[in-house]
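Only one structure is covered here, and it is reproduced in the block below.
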Amino acid sequence: MSSSSFTRRCNTMMKVPSSFKKEFLKKWIVGLQVCGSLNKNMSVSERKKAIKLSADIAMASARNGSTCWSRALIANASKQDANKLVVEHVLGDDESRKLTKQLPVGTSMALARKIRVIRSKKNILKRRSGPMRRAARKSNSSLSSSCIAKRLVRKRSQVLKSLVPGGEFMDETSLIEETLDYILSLRAQVDVMLKLANATELVTNQK
């Protein structure tokens, strides 16, 4: 992907449509209602967890399974039995069936196992080539700036992968695009939540 096309892609992604916010709000309210019906005597900490859970699932669901991070977030939330009912109600029957086809049971585990096998093979190769590499390093007085830059990029990519849902399964190009979309979705989520909180406070004060 060229720099100009990537820039155009980023500019397009920076615009969050109002339809996404409307869909998020609708699904979030459903999630809150389900959480409230499951436990009507929630503590403050339980209420916070319920709000965050329903908001995250609603945000991911509003993307309609079009992004890796949204599918990973839903898959991770579905792993806990206590969250499955909330996920099913927020997604709805049609979307739940669609995402189930996209993310069959055991997909994440299979991918994780595959990655572990690849990493173990890489580690074996590294150990075998260790003496040769050390000899080559001794011949060089210092690392080039490009090597240092690559190391920094790899470290920062690892940090980014740990922050974005499903990031550990993404390549660098996908990781950047998914991160941008995830950040914009979070901003839209916060914006809707703040507006709803302000509206609720205004109604309460008028009463």
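The values are calculated or read from the model by the stated rules, or taken from the named source; none is laboratory data. Keep in mind it's a predicted model, so treat the numbers as computed, not measured. Cβ: placed from backbone, ideal geometry, glycine included. Neighbour counts: every protein chain shown. The protein model used for the area step is the full one, side chains on, heavy atoms only, and it has no ligands, DNA or RNA in it. Shrake-Rupley method; radii C 1.70, N 1.55, O 1.52, S 1.80 Å.
Scanning the stretch 9-41 for residues that are at pLDDT 75 or above and not in a helix (DSSP H, G or I) yields Pro17, Asn39, Lys40, Asn41. When the stretch 46-57 is filtered for residues that are open to solvent by less than 70 Å² (accessible area, probe 1.4 Å) and either closer than 14 Å to Leu184 by Cα or without any contact (Cβ under 8 Å) to a residue 60 or more places away in the chain (or both), the ones remaining, listed by number, are Ala50, Ile51, Leu53, Ser54, Asp56, Ile57. When the helices (runs of 4 or more DSSP H) confined to the stretch 115-207 are screened for residues that are over 30 Å from Lys48 (Cα atoms) and at pLDDT 85 or above, those reaching at least 1 such residues are found at 145-163, 172-206.
Taking residues in the stretch 59-77 that are in a helix (DSSP H, G or I) and of a type in the set (S, T, N, Q), and partners anywhere that are open to solvent by 30 Å² or more (accessible area, probe 1.4 Å) and modelled with pLDDT of 90 or more, the pairs with Cβ atoms closer than 9 Å and at least 6 places apart or on different chains are Ser61/Glu23; Ser70/Arg63; Ser70/Tyr182. Could you say whether any residue in the stretch 77-100 is modelled with pLDDT of 55 or more, within 23 Å of Ile183 (Cα to Cα) and of a type in the set (Gly, Ala, Ser)? Within the stretch 77-100, one or more residues are modelled with pLDDT of 55 or more, within 23 Å of Ile183 (Cα to Cα) and of a type in the set (Gly, Ala, Ser).
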